[in-house]
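Computed from the coordinates by the stated procedures, all read-outs in this text should not be read as laboratory data. What you are looking at is a predicted structure, and each value in this text was computed from that prediction instead of being measured. Virtual Cβ from ideal backbone geometry, glycine too; neighbours counted across all protein chains shown.
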Amino acid sequence: MVPSLLRRFTDDQGDCDWPNSEGAAFNHDYYLENHIPMAVELFGEQLKKVEVDRGVAGLGPGSPPPYAAITQFHFESLEDFQAAFGPHGAEITEDQPNFSATDPLVQISEVSR
């Protein structure tokens, strides 16, 4: 995933990058109003913060964004992420057809700055 350029957190995060390609619709309203609140509830206290970025442009003038959305789920550690996602992974991924026909790129990162 290509997360934000500057991070100010000292934790681990799980990123979900939703590619933006021709014909790949992404329902931001459903994602923000239904999917993210569901994930936040299921992840519980182990989730420290969630950020959702909506792609608006690419690097060059007039170029489309490479990602429709980038979501960062912040946890204290990789173990906290695994403990939060493990029991709920199927439920979270089963909701995907409600907002995207494209699979996300997923990366677990240690925030270093």
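Miscellaneous remarks
- With the helix formula -39500 (n - 2.57) applied to DSSP H stretches of n ≥ 4, the chain reaches a computed 222 nm mean residue ellipticity of -5000 deg cm²/dmol.
- When the trypsin sites (Lys or Arg not before Pro) in segment 8-106 are filtered for DSSP coil states and for at most 15 other beta-carbon atoms within 10 Å of their beta-carbon, the remaining sites are Arg8.
- Computed from backbone phi, the HN-Hα couplings of segment 48-63 come to 8, 6, 10, 10, 10, 9, 9, x, 10, 6, x, 5, x, x, x, 7 Hz, rounded to whole numbers (Karplus: 6.51 cos²θ - 1.76 cosθ + 1.60, θ = phi - 60°; Gly and Pro given as x).
- Contour minus Cα-Cα distance for Glu22 and Gln96 (0.36 nm per residue): 24.8 nm
- Calculated FRET value between Glu110 and Asn34, using beta carbons and R₀ = 35 Å, to 0.05: 0.75
- Built amide H within the under 5 Å cut-off of Gly55, gap 5+: Ala69, Ile70
- Put simply, the amide H of Asn20, placed in the peptide plane, has neighbours under 5 Å in Tyr67, Ala68, leaving out anything fewer than 5 places away on its chain.
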